[in-house]
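The values are calculated or read from the model by the stated rules, or taken from the named source; none is laboratory data. None of these values were measured; they are calculated from a predicted model. Positions of Cβ are backbone-derived with ideal geometry, glycine not excepted, and every protein chain shown enters the neighbour counts.
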Amino acid sequence: MKRNPKSPERLKILFADDEAGIQELMSLELPRMGHEVTVCPDGLTAAAALQRNTYDCILVDLNMPGLNGMEVIQLAKELSPETEAIVLTGKSTLDTAIAALRHGAFDYLTKPCKLAELESLLSRVAQKRELKNQYRALKRQLDRIEGGKSLVGSHDSMRHVRELIGKVAPTNSTVLILGETGTGKELVARALHEASLRANKPFVPVNCGALPETLIESELFGHRKGAFTGADEQRVGLFEVAHGGSIFLDEIGELPKSLQAKLLRVLESGEIRRIGDNESLQIDVRVICATHRNLAEMVEDGDFREDLMYRINTFEIHLPPLRLRMDDIGELAMHLYRRFRPGSPPHGEYFAPETLQRLRAHTWPGNVRELANVIEHATILCDEPPILPKHLPQSFGSRGVRVPELGPLSLRELELCAIQQSLDRHAGNKAVAAEELGVSLKTLYNKLNQVHTERKSA
């Protein structure tokens, strides 16, 4: 996503005052400070604006005809509890301004106010808003992280992945991470964020396949209180939480078609619109996507927008399945053991040789995620290392074991056997099978068509 040329401290402000001179002044000075402003000549106009849109901050005069400043603040807090309020007051109404602080106002300024004081105050509002977003992002990360995870492996394919991360991380390009389920796509996304210029800003992971279709728009873009049935309070969307940082849209292929068009608009415009709002918010977010599905096939089937596919795959990173980097099994097993046994020395005989042999004989259809489950199970059963084969799950090896010999088969039979086994492992997913077999999808289809033709003529 393109960077927002304005500061991350940019606020959406509603200003209300019945004096024409200060209206004109604020309509010029607040944008000069880098903020977006809606100017209202009285309290009733401000109330109508609050009904239509959500604001980060309202700046209101206490004495206005129709609806006074206190009433406007009360309405703003009811509609959007996170909206901050700054009171403008004369010396004669200072006691009222102090009362407004007790009712939730952020601060007050006495008229005539100095622009430098106002700018400093708005900067504090922006910092408070950013800290709230960072807190939400951090809480979401802590909920998702299961201990110290990192990219582990010395295989050439993993070295290539690290090289690609190093190249693209400092840019703002949208990245698409491709790989089977359980290969560690979120780890790659985190590595991209941590190596980027946004590393000190939020990283917000979102599993598009885990969110109900009825709620995903609200989760991503937020909503106003009362925007729909059940919207009892305002929700800040995850794109807004990620402002200044990165958002990771995992399983992007599961995103409903209706949301794909809205995501495309966000990617192209850098703006989001909360459900129930009439105006858009400018955001500065780097988008990282991932999927285990073949998006090109989904486009052909009409399940994914072609323009969105081209927009999100500016830069692709292919994550190899574990069975294609079996040399990393020992290193990964050691890393996972130390994760489940914190405080263990970095080097030690934690696995018996026969255990490692069993681990390397498996094809790992569940990839690193499956390996992590196996190692966690073993560390629970094993009081002291080394881990023996008896500590592995009872079901381990019942499927997914590599057969060293296939018997006296012809080259044609071996090829067909390899194709069938690959299709079985991936539940018939031809794109993933073709990648595993090292052939193009077109070649795989041609071989399957040949088999079909031979069987029909037999």
Flag for Lys77 being assigned by TED's automatic domain parsing to the domain that holds Ser27, of a type outside the set (A, V, I, L, M, F, W, C) and at pLDDT 85 or above: yes
Test: Glu82 is acidic (Asp, Glu), more than 20 Å from Val204 (Cβ to Cβ) and modelled with pLDDT of 85 or more: no
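Condition check ((1) modelled with pLDDT of 90 or more; (2) buried (at least 21 other Cβ atoms within 10 Å of the Cβ)) across all residues:
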residue	(1), (2)
Gln282	no, no
Val285	yes, yes
Cys289	yes, yes
Met298	yes, no
Asp301	yes, no
Glu306	yes, no
Asn313	yes, no
Glu316	yes, no
Leu319	yes, yes
Complete set of residues in segment 217-231 that are of a type outside the set (A, V, I, L, M) and touching a helix residue (DSSP H, G or I) at 6+ places or on another chain (Cβ under 9 Å): Glu217, Glu219, Phe221, Gly222, His223, Arg224, Lys225, Gly226, Phe228
Criterion: loosely packed, with under 11 Cβ neighbours inside 10 Å, modelled with pLDDT under 75 and over 24 Å from Lys185 (Cβ atoms) - qualifying residue of Gly407, Gly397, Gly343: Gly407
Total residues in segment 343-385, condition touching a residue at least 12 places away in the same chain (Cβ under 8 Å) and not in a helix (DSSP H, G or I): 12
Residue, nearest to the chain's Cα centre (by Cα), within segment 195-205, restricted to residues that are assigned to a loop (DSSP other than H, G, I, E, B) and surrounded by 14 or more Cβ atoms within 10 Å (Cβ to Cβ): Pro202
Residue match in segment 170-186 (condition: among the β-branched types (Val, Ile, Thr), modelled with pLDDT under 95 and surrounded by 21 or more Cβ atoms within 10 Å (Cβ to Cβ)): yes
Options Lys139, Lys91, Lys128: the member that is out of contact with any Gly (no Cβ under 6 Å at 6 or more places or on another chain), basic (Lys, Arg) and at pLDDT 85 or above: Lys128
Scope segment 74-96; condition farther than 22 Å from Asn133 by Cα, crowded, with 22+ Cβ neighbours inside 10 Å, of a type in the set (A, V, I, L, M) and without any contact (Cβ under 8 Å) to a residue 40 or more places away in the chain; matching residues: Val87
